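Just so it is clear, none of the values below were taken in a lab; they were calculated from the coordinates. Since this is a predicted model, take the numbers as computed values, not measurements. Neighbour counts run over all protein chains shown; Cβ positions are idealised from the backbone, glycine included.
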Amino acid sequence: MSSARFRSVRDIAGSGGASRLARRRARPAVERSTFVVISLGGDRMAIAVESVERVVRPFSSLPVMLYDGRQLPYADLAKPLGRAVRFGEGDQRRVLIVRDGGRRWAVPVDTVHEVHAIETAHVLPMDAEARDASVEGVQAHFERQGHDVLVVDAVRILSRTAAARART
């Protein structure tokens, strides 16, 4: 048996493997952003999934949320965005636990629709004349199932309102 007649598996894989690797590298990488899509004041909004630790159902009507052995006061995300919470009663109520490092906020929302990953190229900056263009914390928007979804920086808004409350 001569070595020219028999090739090793490595030699066989190497001949076609290089072209597959080259094709894989040639495909453009698609950057995606993942959001928790909610309704707040009747409008759809998206919060980066990295900021949301959990979605919970509150089991009482107390002004605080019991979570992870701690009492978290409810934080109002709706008011700084010019909205009012319309969350339902009983099983329909949802609260987001929003986290930034060691800080946590319990944020009541109308509805949690889904966790959605979208190509980052489809997340568009706000038009200057758009209704929410001047609202601090509104970063961008995208379309999903016929709805315009605002991308909001919940941590920035909640940090700012908590700092304002601390000063008063």
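Structural remarks
- Here is the list for the range 52-134: chymotrypsin sites (Phe, Trp or Tyr not before Pro) lying in DSSP coil, each with at most 11 other C-beta atoms within 10 angstrom of its C-beta, are Phe59.
- Annotation for Val64 and Arg99: the two label points, set 7 Å from Cα along the Cα-Cβ direction, are 2.0 nm apart.
- Compactness of the range 74-141, expressed as Rg and Dmax over alpha-carbon positions, Å: 14.2, 39
- Long-range HN-HN contacts of His113 with modeled amide H, under 5 Å: Val37, Ile38, Ser39
- Loop-located GluC sites (Glu not before Pro) in the range 35-121 whose Cβ has at most 13 other Cβ within 10 Å (DSSP): Glu89
- Gyration tensor over the Cα atoms of the range 38-90: the corresponding equivalent ellipsoid has semi-axes (square roots of 5 times the eigenvalues, largest first) of 20, 15, 11 Å.
- Listed values for the range 63-74 are Karplus-derived 3J(HN,Hα) couplings in whole Hz (6.51 cos²θ - 1.76 cosθ + 1.60, θ = phi - 60°), namely x, 10, 10, 8, 8, 6, x, 10, 9, 10, x, 5, and x replaces Gly and Pro.
- Under Karplus coefficients 6.51, -1.76 and 1.60, residue-wise ³J(HN,Hα) of the range 38-49 in Hz, glycine/proline x: 10, 10, 9, x, x, 9, 7, 9, 10, 10, 3, 4
- With the convex hull drawn around the C-alpha atoms of the range 32-166, the volume per residue stands at 113 Å³.
- Nonlocal amide H pairs with Tyr74, under 5 Å, H built at 1.01 Å: Met65
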